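Taking it in order: structure first as structure tokens, then the write-up.
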Amino acid sequence: MSIAEERLLAFAEEKLVTVPFDVYRYDPARGGQPRYQHYELRLAPHTPVLTGLLRIRDEIDPTLALRYSCRSAICGSCAMLVNSKSRLACKTPVGPEVKEHGRIVIDPMRNQPILRDLVVDQQPFWNRYEQMEPHLILDPKRPMPKDGPTRMSPTEVERFKETPRCISCAACYSACPAVEADPEFPGPMALAKLYRFVVDPRDGATQARLQKIQTNGLWLCLRCHLCTEACPKEVRPSERIRDLKELAVEAQGGTEPGSRHAIGFLKNIESAGTLNELKLVRQTSGLGGLVAALPQGVRMWRKKPEITKSPHPIEGIDEVKKIYEALDGKKKGKE
Amino acid sequence: MKLAYYPGCVAQESGKELDMATRWVCRALGIELVGFPSFSCCGSGFMDEANEVLNVALNARNLAIAEKAGLDLLTICSTCQGMLSLANVRLNDPTVKGRVDAALKPLGIEYRGTAKVKHLLRVLTEDVGLDAIKAKVVRPLSGLKVGAFYGCHLLRPADEMNWESGEEPHAFEDLLAAVGATPVYYRGRVMCCGFPIQFVKPATAERISARQIDDAKAHGADAMATPCPLCHISLDGYQNQAAKAAGHRLDMPVFHLPQVVGLALGATAEELGLPRHMVPTDGALAKIGSKAVA
């Protein structure tokens, strides 16, 4: 029996379970307050949440508005909150959710204005994406050949093997606390896609792209990895953003507080092997920043006098210094 | 139980109370801590952004120190836990491993990849066990509603941290219940505290930490507790700033994880370093009938 046949058989033998749905309903055209509507279905545990919602719409309540298309995790249309997690409804089975939570609460995605029920206005999300200029800006030194496709080596392609999987579903954007807190942050997908063009050997705008993003939100990523949990295609946006930060540091580090802090931290540890908290503030924010931080610093110093002490170098600091010598060859950025 | 104690930078400096509380709790539970004055900083996520391979190499050196002593590492910081674990993960990449080995070999350091990294929360819930802790509780934290605040790097990326769910963990809540407190579930418990951008854009960082504190409060929390001293800096150290960003008072006492356990096991506020907090913990202590701190 093939694996597919075995799976089919396993599904066929599944017992149906009662799945309670609480679905967010809101229609601004009709006014009134958002509310949750309760539905119950008998479903096999492997059934995707989307199938459940479509059965609700088709069999119980034709007024439920939701966005979907392919039902196969390809089109990226059906991202929503499933028990508070940003997920593709078509890729999330009902069974584990009912087991963990006893019910399935469905909300529209976060960080985007709600149009109706589960449908959000994705325009802000697309606008941020477009700001990344997500297309090749050809390197004149490496023009497209006239008589055939341009070629990349497997090693070159390897550098951005994850990002082409992205289906722009916005689950990462919905899950991101930086997007929620600061309109300057372009969002995980926009940055992951930017990374893809920065490392594309055919692209000639690498430096300009890095320069632009350094001062436009790159360093607002919190590296909380909530986007990586939400991403249905294993693009791992938080890791692509990390890669982008390291490239930005290499290319033109130290031009704004974010990279200054990363570089400052790197240099901070080199001298004693352990963190000098006070010195780090100066390294990131300069003397002016240190003065600005003074009132808060004094307030904390009263309870925690250690913050002004320089740490003793660790035992084996020479080993640490030698590791720096071996691997921090390119002396990065201006101090 | 004997573990290589990796306190991390903050617990040896501004977050000294975390170190005090950890030592007290480990003593009470019979966990022997072996210190290594040669451990270096984990890089705190910042160094990783400036030079990934250098960061992995420094942590490989840390891991090799514990490996040589035949001990697993005990961390008390979500970020240390995350960075040391990530070093183990990234050393699976042959290119990274090659560069790291080449830097360590001339120093006579070899890391074979066997050192396990465990956060105190995991040691308490899995190795010591909730029943053993329950048996030692002398002052149950009854009536105290506590919002756990995990700290990102303890949980995520979940496939690499290889422990709890990255979005719906429960170990901390289980532990809180075991010491008699009432765990409070709120969305912010798995979110970011804002610390990584405290120096990049303080206003945004403070809005983020205020959001999580408000969320805990809206769900009825009398106090919060965190297994991460960096989260503690944001939630407690900078709470006055967060309150300004939010435009209202927050008044949320924030405990370190071992302080909550220590209180239940009978430690005094002074032994746990509670007077060192920026936000007074008196109100929370009064709820469990403990002596208020000055």
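For the reader, a short list of remarks on this structure follows.
- Cα gyration tensor shape for chain A, rounded if a/c is under 1.5, else prolate or oblate: prolate
- Across chain B, the relative contact order, built from alpha-carbon pairs under 8 Å that are at least six residues apart, equals 20 percent.
- Here is how the number arises for chain B: DSSP H runs of 4 or more residues each give -39500 (n - 2.57), the sum is divided by the residue count, and the result at 222 nm is -12000 deg cm²/dmol.
- Amide H partners (placed H, <5 Å) of A:V120, local residues excluded: A:L115
- Nearest-ten-degree value, helix B:16-29 long axis tilted from longest Cα axis of chain B: 90 degrees
- With Cα atoms, 0 to 90° folded angle of helix B:52-68 axis to chain B main axis: 90 degrees
- Here's the list of lysines a cross-link from A:K193 could span, going by alpha-carbon distance under 17 Å and ignoring same-chain residues fewer than 8 apart: A:K161, A:K212, A:K233, A:K245.
- Dipole of the protein assembly as shown [Lys/Arg +1, Asp/Glu -1 at C-beta], most positive-end residue of A:V198, A:G253, A:S153: A:G253
- Between B:G147, B:G262, B:G273, the Gaussian network model of chain B with springs among Cα atoms under 10 angstrom shows the greatest mean-square fluctuation at B:G273.
- Chain B - percent of accessible surface contributed by carbon and sulfur, probe 1.4 Å: 53 percent
- Sequence-separation-based contact order of chain A, relative, with Cα cut under 8 Å and 6+ spacing, percent: 12 percent
- Proximal lysines to A:K15, defined as alpha-carbon separation beneath 28 angstrom and excluding residues fewer than eight positions away on the same chain: A:K85, A:K91, A:K99
- Normalising the average separation of contacting C-alpha pairs (under 8 angstrom, six or more residues apart) by the number of residues puts the relative contact order of the range A:123-252 at 31 percent.
- Nearest 10 degrees, 0 to 90: helix B:78-90 Cα axis against chain B principal axis: 30 degrees
- Taking a straight Cα-Cα cut-off under 17 Å and skipping sequence neighbours fewer than 8 places away in the same chain, the lysines within cross-link reach of A:K309 are A:K279, B:K16.
- Chain A - mean residue ellipticity at 222 nm from DSSP helices (-39,500 (n - 2.57) per run, n ≥ 4, rounded to 500): -12500 deg cm²/dmol
The values are calculated or read from the model by the stated rules, or taken from the named source; none is laboratory data. Owing to the predicted nature of the structure, the values given are computational and were not obtained by experimental measurement. Counting neighbours? That spans all protein chains shown, and the Cβs are built from the backbone with ideal geometry, glycine included. The area values use the complete protein model at the heavy-atom level, side chains included, leaving out ligands, DNA and RNA. Shrake-Rupley method; radii C 1.70, N 1.55, O 1.52, S 1.80 Å.
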